[in-house]
Amino acid sequence: MSSKDNPAPQKTDWLTQIKQDGVINPTALRPSPFVPLVFIASIPITSFLTAPGGIAETLVNGTINALFFRTVAPAGKLAALSTLYFIGTYVFAAAGSVSGLASGHKDGRSNAQPRAHISELTGLPLRLYSAHVHMMEHLAGFALMAGLAAGRTPSADPLANTLAGREVVALLGMHVLLKLFV
């Protein structure tokens with residue numbers, strides 16, 4: 001058998017291979033050396049914002065009081081924030097997602113294949129759809145942190161009795177408020 005009948009496999013460089021996989025801008029795959037620094041620099045800012053009696057706690061209390069039309073006990077704030085997050089995710093963001101899917105295609109949303117046209121979405125319809133997906137992705141992490149925060153001390157009112165508990169509620173509250181209103 002000659003070498004013409006059995007050609008050696010062509011060696012391709014890594015750049016050609018990743019471009020064949022759909023990567024258009026390979027430099028965007030390079031991690032930035034500044035990302036860890038941004039997270040480390042945010043710790044004092046987050047601590048300031050979520051300090052007991054601070055900005056986040058004030059916003060959380062004001063939002064809960066306005067939406068539930070009453071003052072909620074400190075132990076109930078976690079439940080109120082969770083309710084707000086679930087309503088925001090499963091009602092408002094879901095309605096926006098369906099509207100985005102329907103408005104992003106000339107024939108509207110297909111009930112037979114509801115996700116068939118996601119790749120064609122652009123602009124506002126894509127942002128509406130993406131907001132719901134983003135909230136769904138973060139829901140499990142929020143639920144885990146809320147559960148850990150609620151169960152970290154065995155007292156009857158665990159979050160109300162400690163400054164750290166108030167800070168955790170303020171931090172989770174800041175997460176909910178940023179997801180829903182920004």
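Points to keep in mind about this one:
- Flag for Val38 being aliphatic (A, V, I, L, M) and assigned to a loop (DSSP other than H, G, I, E, B): no
- Qualifying positions in the range 44-58 - more than 19 Å from the chain's Cα centre (by Cα) and either assigned to a helix (DSSP H, G or I) or loosely packed, with under 15 Cβ neighbours inside 10 Å (or both): Pro44, Ile45, Ser47, Phe48, Leu49, Pro52, Gly53, Ile55, Glu57, Thr58
- Scanning the range 103-149 for residues being part of a loop (DSSP other than H, G, I, E, B) and touching a residue at least 24 places away in the same chain (Cβ under 8 Å) gives a total of 1.
- When residues of the range 59-79 are limited to those that are at pLDDT below 80 and either surrounded by 15 or more Cβ atoms within 10 Å (Cβ to Cβ) or among the β-branched types (Val, Ile, Thr) (or both), the one farthest from the chain's Cα centre (by Cα): Thr71
- The listed residues are Leu144, Leu84, and the only one of them that is at pLDDT 75 or above, crowded, with 19+ Cβ neighbours inside 10 Å and not polar (S, T, N, Q) turns out to be Leu84.
- One residue from Ala66, Ala80, Ala94 being in a helix (DSSP H, G or I) and out of contact with any helix residue (DSSP H, G or I) (no Cβ under 7 Å at 6 or more places or on another chain): Ala66
- Against the numbered list (1) part of a helix (DSSP H, G or I); (2) of a type outside the set (Phe, Trp, Tyr); (3) under 20 Å from Met145 (Cα atoms), Gly100 comes up short only at (3).
- Number of residues in the range 95-116 that are surrounded by 14 or more Cβ atoms within 10 Å (Cβ to Cβ) and under 17 Å from Phe181 (Cβ atoms) equals 1.
The values are calculated or read from the model by the stated rules, or taken from the named source; none is laboratory data. As the structure is a computational prediction, the values presented were derived from the model and not from experiment. So basically every Cβ, Gly included, is an ideal-geometry build from the backbone, and we count neighbours across all protein chains shown.
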